[in-house]
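Remarks on the structure that follows.
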Amino acid sequence: MTDGVLLIHKPYGITSFDVVARVRRLYGTKKVGHTGTLDPIATGLLPVLVGRAVKASEFLTEKDKEYIAGLRLGLTTDTEDITGAVLSKSENIPDSEAVIRAAKTFTGEIMQIPPMYSALKVGGEKLVDLARKGIVIEREARPITIHELDIEGAGADYTMRVFCSKGTYIRTLCADIGNKLGCGGIMTSLVRTKTGGFRLSEAHTLEALEALTTEQRSKLLLPTETLFTHLPMVKLSDFFAKLSKNGCEIYQRKIGSNFPCGTMLRVCDKNGFYAIGEIRDYPEGSAVKLLKRFDIESK
């Protein structure tokens, strides 16, 4: 089976699940998943897991992301973006200097209230499903971080580059900027340009993939290990690698490592990466314990 990470340039108007369905067909496997949803209005980078790489999803913490977004002032909608029903209009648009000053106040650690049109669940039901029924409920503000925010434009339309933490809703950011300015604001477009160390420039369109042969498509898959390059690595000898694969913990004192308890690791043997492990404490000392192997099929 072909395994690895496929970087897709998601087009406008389809869901992330639609992308997964097309990749399943192209690669001839049901074992396909994505690492972070993009709404139909959004385009850009969507990392997709193929084959045994799908097993990595449970270990992936959402990374910081970068977006290019369109902001239009003077409007509010029920979805906080251009696809929604218009709730209000205003012609009192501040000048560009005021807009830039207001936008910059949203950098750093801030609190953000998730929008009703989101996949967050309350009582087992998605907020978006409640919103479509006309139900609006109170949502608690959550901490997010806007690491960088660049904005340029004039009149009612602006373009923002936003580098932010996981859980950030860019359309809510647009609405909050508009609210701060007193004229309202909505998101008109959204492109994800970076996530998890990957860049949009590395991604492939679905149309390009469909034009390739099976062999050519397989060569586009990145190794599963690329999802974990931020983790330290431990390389085991044949003897200890065999023990670890049989379920044994590998004591650090025997392999010359000294990672703190709780450290997640890439575990390699002479053939390269084969598992994610964790340092755990045992009566006889700290040891590497495998959590998930990527060199064998799931049972």
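The values are calculated or read from the model by the stated rules, or taken from the named source; none is laboratory data. All of these numbers come straight from a predicted model, not from anything done at the bench. When we count neighbours, we look across all protein chains shown, and the Cβ atoms used for this are built from the backbone with ideal geometry, even at glycine. Calculation scope for accessible area: heavy atoms of the full protein, side chains included, ligands and nucleic acids excluded. Shrake-Rupley method; radii C 1.70, N 1.55, O 1.52, S 1.80 Å.
With 27 Å as the limit on Cα-Cα distance, the pairs of Lys31/Lys166; Lys65/Lys289; Lys219/Lys270; Lys55/Lys219; Lys65/Lys126 that go past it are Lys65/Lys289. Assuming charge only on the beta carbon of Lys and Arg (+1) and of Asp and Glu (-1), the dipole of region 57-147 about its Cα centre is about 140 debye to the nearest 20. Placing a label point 7 Å from the Cα of Asp64 along the Cα-to-Cβ direction, the residues of region 97-126 with a backbone N closer than 14 Å are 107-110. When the surface is traced with a 1.4 Å probe over the full set of protein chains, Glu284 keeps roughly 120 Å² accessible. When Ser201, Ser244 are compared by accessible surface with a 1.4 Å probe, the order from highest to lowest is Ser201, Ser244. When the Cα positions of Leu127, Cys174, Ile110 are compared along the charge dipole of region 92-184, Leu127 comes out farthest toward the positive end, with charges on each C-beta of Lys, Arg, Asp and Glu. When Cys261, Cys248 are compared by accessible area of protein heavy atoms, the largest-first order is Cys261, Cys248, using a 1.4 Å probe.
Could you tell me which label, among [x] 165; [y] 148; [z] 129, carries the value of volume of the Cα convex hull per residue in Å³ calculated for this structure? Among [x] 165; [y] 148; [z] 129, the one calculated here is [x]. By a 1.4 Å probe calculation restricted to protein chains, Thr105 has an accessible surface near 80 Å², given to the nearest 10.
Straight-line reach from Lys133: taking Cα to Cα under 14 Å and skipping same-chain neighbours fewer than 8 places apart, the aspartates and glutamates in range are Asp78, Glu125.
In debye, nearest 20, what is the charge dipole magnitude of region 226-299 about its Cα centre with +1 on Lys and Arg Cβ and -1 on Asp and Glu Cβ, if you could check? It would help to have the intermediate numbers written out before the result.
Working: 12 positive and 8 negative charges, 19 e Å.
Taking the Cα centre of region 226-299 as origin, the dipole is about 80 debye.
Computed over protein heavy atoms with a 1.4 Å probe, the accessible surface of region 1-138 works out to 50 Å² per residue. Pop out the carbon and sulfur fraction of the accessible area of the chain as a percent, whole number, probe 1.4 Å. Carbon and sulfur: 51 percent of the exposed surface of the chain.
Residues with beta-carbon under 13 Å from that of Asn179, excluding Asn179: net charge, scoring Lys, Arg +1 and Asp, Glu -1? For residues surrounding Asn179, the net value is 0.
Counting only Cβ charges, +1 for Lys and Arg and -1 for Asp and Glu, the dipole size of region 1-157 around its Cα centre is about 1040 debye. Beyond 31 Å in Cα-Cα separation lie the following of the pairs Lys63/Lys121; Lys104/Lys292; Lys10/Lys292; Lys121/Lys194; Lys104/Lys194: Lys104/Lys292. Of the options Met187, Thr159, Ile137, report the single residue whose Cα projects farthest towards the positive end of the charge dipole of region 91-222 (beta-carbon charges: Lys, Arg +1; Asp, Glu -1). Ranked along the dipole, the leading option is Ile137.
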